[in-house]
1. Which of the numbered conditions does residue 34 fail, given that it passes all the others? Conditions: (1) open to solvent by less than 10 Å² (accessible area, probe 1.4 Å); (2) under 30 Å from residue 115 (Cα atoms).
2. Restricting to the range 3-25, name every residue that is open to solvent by less than 30 Å² (accessible area, probe 1.4 Å) and either under 21 Å from residue 199 (Cα atoms) or of a type in the set (S, T, N, Q) (or both).
3. I'd like to check something: does the range 224-245 contain any residue that is open to solvent by less than 10 Å² (accessible area, probe 1.4 Å), over 30 Å from residue 13 (Cβ atoms) and either under 17 Å from the mean Cα position of the chain (by Cα) or modelled with pLDDT under 95 (or both)?
4. Among (1) closer than 26 Å to residue 166 by Cα; (2) of a type in the set (Lys, Arg); (3) exposed (fewer than 13 other Cβ atoms within 10 Å of the Cβ), which single condition is residue 47 missing?
5. If we only count strands (runs of 3 or more DSSP E) wholly inside the range 1-51, which ones have 1 or more residues that are modelled with pLDDT of 95 or more and touching a Phe, Trp or Tyr at 6+ places or on another chain (Cβ under 9 Å)?
6. Do any residues in the range 60-85 that are under 12 Å from residue 49 (Cβ atoms) have Cβ atoms under 9 Å from those of residues that are basic (Lys, Arg) and assigned to a loop (DSSP other than H, G, I, E, B), where the two are at least six apart or on different chains, and which pairs are they?
7. Check the range 143-166 and report whether any residue there is of a type in the set (S, T, N, Q) and open to solvent by 60 Å² or more (accessible area, probe 1.4 Å).
8. Would you mind stating whether residue 74 is in contact with a Leu (Cβ under 7 Å, 6 or more places away or on another chain), part of a loop (DSSP other than H, G, I, E, B) and under 24 Å from residue 164 (Cα atoms)?
Amino acid sequence: MSLLEARELSVRIGSHQVVENAQVVVNEGEVVGLIGPNGAGKSSLLRALVGLSEHKGQVFLAGEDAKGLSPRMRALRFAYLPQEREVNWPVSVETVVGLGRSPHHTGPAAMSDSDRRAIDAALAEMDLTHLRERQVQTLSGGERARTLTARALAQEAPLVIADEPTAALDPAHQIGLMETFRRLAKTRQGALLCLHDLGLAARWCDRIIVMKKGRIVAEGSPARVMTAGLLSEVYGVSAFVDADACGPLVLPTGLASASAS
């Protein structure tokens, strides 16, 4: 089943076409990586998919036209994690994570047992249980990023759309987060992740979408798409590309122009 489908999605900012005729599908059980250099249009594409920017084209959520869905109904279908990690009010980690339960209520309501279970599970998943009473503003950048990710997980939507979710995380928490998305995929959920770490994208994603200058230029499995030639063309870097028993290995090693000289 398709959790998300975008058809001929285009975004213009002023006179600049930042996304052009993008076709995007995320199915149940998939972790899809969105990669490309700075300015490729990745964040603009994600913002259009979640309805935060004007766009042309159609977006369907679980087969329904997103234009006909209320904000609450959209939030029951996907959780969105933007790049920004700021929290500008003095509240606890647990309170922020609890905000993810808002779509499950039609108005002010007491916390239910299912709400508490979802919050506890999200805190544990993001290694935050011991910080649940801490004020968010006292956290490190990585801890704050994990808190906002936990809020998205507590939402318990079938799809997570995240813009650079591993940014600011140390290697252990980066891998732990990617393992979380893989576990969600096994329960027929899905994820669309904008990633700058090519190694994580290659290792943990089922499918890769590559953007350059506002257009999708390649799509497929990591092994098929993330070749040294494509990475040189799209990013301007040389890369070590291999595989082991656990999957593909991709490591940028230098600038393509430098390696050619």
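1. Result: residue 34 fails condition (2) only.
2. 10, the sole residue that qualifies.
3. Within the range 224-245 (the criterion being open to solvent by less than 10 Å² (accessible area, probe 1.4 Å), over 30 Å from residue 13 (Cβ atoms) and either under 17 Å from the mean Cα position of the chain (by Cα) or modelled with pLDDT under 95 (or both)), the answer is no, since none of the residues qualifies.
4. It fails just one condition, (3).
5. Numbers: elements: 2-13, 16-27, 31-35.
The qualifying strands (runs of 3 or more DSSP E) are 2-13, 31-35.
6. Qualifying pairs under 9 Å: 61/77; 66/77.
7. For the range 143-166, residues of a type in the set (S, T, N, Q) and open to solvent by 60 Å² or more (accessible area, probe 1.4 Å): absent.
8. So residue 74 fails the test.
The values are calculated or read from the model by the stated rules, or taken from the named source; none is laboratory data. Bear in mind the structure is a predicted one, so any value in this text is a computation, not a measurement. Glycine gets a Cβ as well: all are built from the backbone with ideal geometry, and neighbour counts include every protein chain shown. Calculation scope for accessible area: heavy atoms of the full protein, side chains included, ligands and nucleic acids excluded. Shrake-Rupley method; radii C 1.70, N 1.55, O 1.52, S 1.80 Å.
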